[in-house]
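Accompanying notes for the structure given below.
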Amino acid sequence: MSGAHPTLAFIGCGRITRALVQGLVGAGHPAHLLRGVSRSGAGALALSREFGITAVDGSADAVRGADIVVLAVHPHQTPEALAALSGLLGPEQTLLSLVASWRTEAVAAPLPGVPVVRAVPNVGVGVRAGATVFSAGPRTDASRLRAVEQLFAPLGETLTVAEELLETVSAVSGAGPALVAHFARSLAGAGVAQGLDERTAAVLAAHAVRSTGALLAQDAMTVDAVIDSVASPGGMTEAALRVLDADEVPAAARRAVDAAVRLSMGRLARA
């Protein structure tokens, strides 16, 4: 890679690309080393205006001289995007695929000699409090994988798993912020039903989520430890937890993750 900061080309400039650009620029990655291209051009231009990255018109301009090419398109757009990249990349570059439901072998097939890494980041990378999970694909050695992990390290937690687990990772971590936000909205709604105004209830629910995440990020703090630090025997927290268990919230969470994984696996079978 060239210099302390690699040059990145983003193929696709949607929500997760925006989060990555926000996090990288916030962490000190020079904006002029980030390029973006999008189908209509609007997404890349928006990121250029907001963060100062370079918006280009086509894949060839985006990937020329890039150390890492980030493929961040929808699954149904992937064949077209890979066709546009075919013949443009060399073995000195890394293709980082963020595409859901596409295995690295399928991504690598039209790109002979190009190392491929698959990653599942979540939107928390935008505020440098996210998690990104990696899996090494074809032609990717340990040093290449480590370089990509180091790029994402300032954006939050980085982990590596076997590729067959990435659909579950997508459901738990990628979709996780939406699932947690859904619960926060329900928690705030319960407060409003008890008489709080909407803003106060929303702030309290948001900080409950934020503070819990901060506590769980500590190595010595487990989920049970957080619960025990709040729930006194016979107290109101314990009463509330009994209701959640009686209403099968844990089982609902399992069903939600299962539904997400089944959808992704179905797409994977068709890719």
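Structure notes:
- The helix-only estimate of mean residue ellipticity at 222 nm for the chain, built from DSSP H runs of length n ≥ 4 each weighted as -39500 (n - 2.57), is -15000 deg cm²/dmol after division by the residue total.
- Projecting label points 7 angstrom from Cα along Cα→Cβ for S86 and F183 puts them 4.5 nm apart.
- Note on E238 and A190: their simple-model spin labels are 1.8 nm apart, each label 7 Å out from Cα toward Cβ.
- Using the Cβ-Cβ distance between D247 and R199 with R0 set to 41 Å, the FRET efficiency from 1/(1 + (r/R0)^6) comes to roughly 0.90.
- DSSP loop GluC sites (Glu not before Pro) with at most 15 other Cβ within 10 Å: longest gap in the chain: 93-247
- FRET efficiency for A225 and E105, using Cβ-Cβ distance with R0 set to 35 Å, rounded to 0.05: 0.25
- Using only Cα coordinates, the Kirkwood hydrodynamic radius of region 8-161 works out to 15.1 Å.
- 37 °C / 0.692 mPa s Stokes-Einstein diffusion coefficient of the chain, Kirkwood radius on C-alpha pairs, µm²/s: 162
- Net charge of the neighbourhood of A178, taken over other residues with C-beta under 15 Å away and scored Lys/Arg +1, Asp/Glu -1, is +2.
- Whole-Hz ³J(HN,Hα) from phi, Karplus 6.51 cos²θ - 1.76 cosθ + 1.60, for region 162-171, glycine and proline x: 5, 4, 5, 9, 5, 5, 5, 4, 4, 6
Here, each number is a calculation from the coordinates, and none is a lab measurement. Keep in mind that this is a model prediction, so the values were computed, not measured. We place every Cβ from the backbone using ideal geometry, glycine too, and count neighbours over all the protein chains shown.
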